[in-house]
Amino acid sequence: MNTEISSKAIRRLMNLFPVVLSFLLLSCSAREATRALDKAESMMESHPDSSLMFLGMMDKSLLDSESARARYALLMSMALDKNYVDTTKFDVLQPALDYYLKKGSPDEKLRTYYHQGRIFQNQKDYDKAMNSFLKGIDISSECKDSLTLARTLVAQGYLYFEFYDFENYTNSNLRAADICRCLSHKNYEFLSLLNALNGAVVLDNKIRADSIMNLIDLVQPLTEGQNRLLLERKLSYALKFGSRKDLETMMAYKDRFLESDANCILDVISAYNKLGNDQRSIMLLDYLNNKNIDYDTLKYKSICVSVYKNMGKYKEALSAYEDFSHRVDLLNSIKFNQKIHSINEKYEIEFEAQKDARRKGKLIWGCVWGIVILTMGISILIVSIRSNKMQKDLAIQRARSIELENNKLKSEREKLSLEYKNLQLEKEKKELEAENLSNRVERLEEESYSLKRLIAEKKELPFEVEKAIKVRIEMLNSLLAGYITDNEKYEKPYEIWVKELTENTEEFMNSNRLSFQASHPRFIQYFEEHGLTVDEINYVCLYAVGLRGKEVGNYMKKRSHVNTSSAIRKKLGIDKHETNIGIYVRRLLKNL
């Protein structure tokens, strides 16, 4: 039977083995995937190229859970973005979108919205890109990833620039700069401040531009590349707010500006135009027009108008102005359409919200009426139940009242019976006390008579013994008188004698021994025969008086009385189990 049971247990274990093994393999692979993703994330900021390479070579079979695949997708999107790979497809980011936007933490949602917006931005779908960035910024108060928030604000700023909304463009970059300053990320702070300065210059806001310039001066030291970018922005500042002298000073760096991007070359052309060098302006305009270079068309046309006008080429100036106006109108039309589109979307959202609110209102009112009807039904039912319960409670209360009355009568009878018994016990107690008092008086009289007879018969008693006996007789007489007459005046001398006699411990113990020697010579002789010393006999006589062990110790005021008791036990041969020496001594006194 045992063999059969053990074989079944082995078979069950063998069936469980593949499950346990697969669980262990899965947890090992999950841990390995987590370690690999942690490593890729740790390299993301400092070495994004290494992070991209590491993620590309990672074994995808380790990503055996939805969360692991979502994290891999987000990290890969981050690596592509940091390596300036502008993807326009969602195939890489999609697992992160599916998982994090539903189950992710605020930081994971923010990162996902940022990279979703970047892909829309690469697709030139600026409305969807802006929508993604706004969703990310909306949850930023719950996030800890401030750097991603700063990047989202900068990306949002570029969209505002595309929409020619320079006010929001400037504000977004200033907010990003504040975040980067708190993170001590000087490069991002510097770039954000340059963007904000560009927006302030376009808005013709000198006070704000000066304030931003002061903030840029605090970002020190600057690299060579940063100094070049700052120099380009200073040229824009001089064109807008500077004097002719400031412009001439900036044009000393014209060769460096001409090596920059097309928009910086446009600033150089504008500077030449302001300085009156229109020939040089025309040459650079032709240079830009003949080269396949992207530049700000509106800015180009506005400069053309001013240059051609200064040169007296009014036909070309008019043509450039018409083109400029047409482009501005087209841009305004696009912006207007975008606003209309936004208004329509907002209206549709509000309309849907109202419809939803009405549906919810109907549902709520239906629920309210249902609850009211149900409440009324329940109230009626409760009233009915309470009425029945009240009648039942009344009947129970009457029954309990009758029972309480009966119990009260029974209790009174028992109380009277108990009082009667107490009276009987009190009567018996007083009778017993009277009898005890009579016996005690009789015993005291016998002891007094015995001591008097002893004095009368033994003429030659030692003086100390005779004195002790006389004191005892006087004390007994006084005590007897007090008991017989119940008069305190007889007890006071007795109390004084007792106090005076017992205060001197050694004198009282000797007197007590002498009294017992006179009245019970055989008692004292017994102890002398067993080798007890005078002090030990004195100690024993305290027990004979009726004291207990603790009382003897307190009266003697000696800690060694326990050792004295042990020595007496040994001499008298008292069994160790007979612990009460007082009982032994008083029994011996009675028998002898």
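The values are calculated or read from the model by the stated rules, or taken from the named source; none is laboratory data. All values derive from a computational prediction rather than experimental measurement. Note that we place each Cβ from the backbone using ideal geometry, even for glycine, and neighbour counts take in every protein chain shown.
Numerical summary
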| read-out | value |
| --- | --- |
| Failed criterion for S184 (all others in (1) small (G, A, S); (2) in a loop (DSSP other than H, G, I, E, B); (3) buried (at least 23 other Cβ atoms within 10 Å of the Cβ) hold) | (3) |
| Subset of region 44-86 that is touching a Ser or Thr at 6+ places or on another chain (Cβ under 8 Å) and in a loop (DSSP other than H, G, I, E, B) - its residue that is nearest to K128 (Cα to Cα) | M44 |
| Residue within region 121-141 that is part of a helix (DSSP H, G or I), under 29 Å from A30 (Cα atoms), out of contact with any Gly (no Cβ under 8 Å at 6 or more places or on another chain) and not hydroxyl-bearing (S, T, Y) present | no |
| Lone unmet requirement of (1) over 24 Å from F161 (Cβ atoms); (2) touching a residue at least 24 places away in the same chain (Cβ under 8 Å); (3) aliphatic (A, V, I, L, M) for M283 | (2) |
| F257 vs. criteria of a type in the set (F, W, Y), crowded, with 19+ Cβ neighbours inside 10 Å and touching a helix residue (DSSP H, G or I) at 6+ places or on another chain (Cβ under 7 Å) | yes |
| Residue pairs meeting the criteria (Cβ under 8 Å; at least 6 apart or on separate chains; first part of a helix (DSSP H, G or I), in region 524-552; second of a type in the set (K, R)) | I524/R513; V534/R513; E536/K571; I537/R513; N538/R513; C541/R513; Y543/R586; A544/R586 |
| E350 being at pLDDT 70 or above, surrounded by fewer than 14 Cβ atoms within 10 Å (Cβ to Cβ), on the phi < 0 side of the Ramachandran plot and in a helix (DSSP H, G or I) | no |
| Subset of region 30-43 [in contact with a Phe, Trp or Tyr (Cβ under 9 Å, 6 or more places away or on another chain) and either in a helix (DSSP H, G or I) or loosely packed, with under 14 Cβ neighbours inside 10 Å (or both)] | A33, A36, L37, K39, A40 |
| Residue within region 46-54 that is farther than 24 Å from K144 by Cβ and of a type in the set (S, T, Y) present | yes |
| Odd one out for S77 among (1) among the polar types (S, T, N, Q); (2) at pLDDT 90 or above; (3) farther than 21 Å from D145 by Cβ | (3) |
| Residue list for region 105-144, restricted to those being crowded, with 17+ Cβ neighbours inside 10 Å and under 16 Å from D178 (Cβ atoms) | I137, S140, C143 |
| Any hit, region 271-294, residues being under 21 Å from A196 (Cα atoms) and either assigned to a helix (DSSP H, G or I) or modelled with pLDDT of 85 or more (or both) | no |
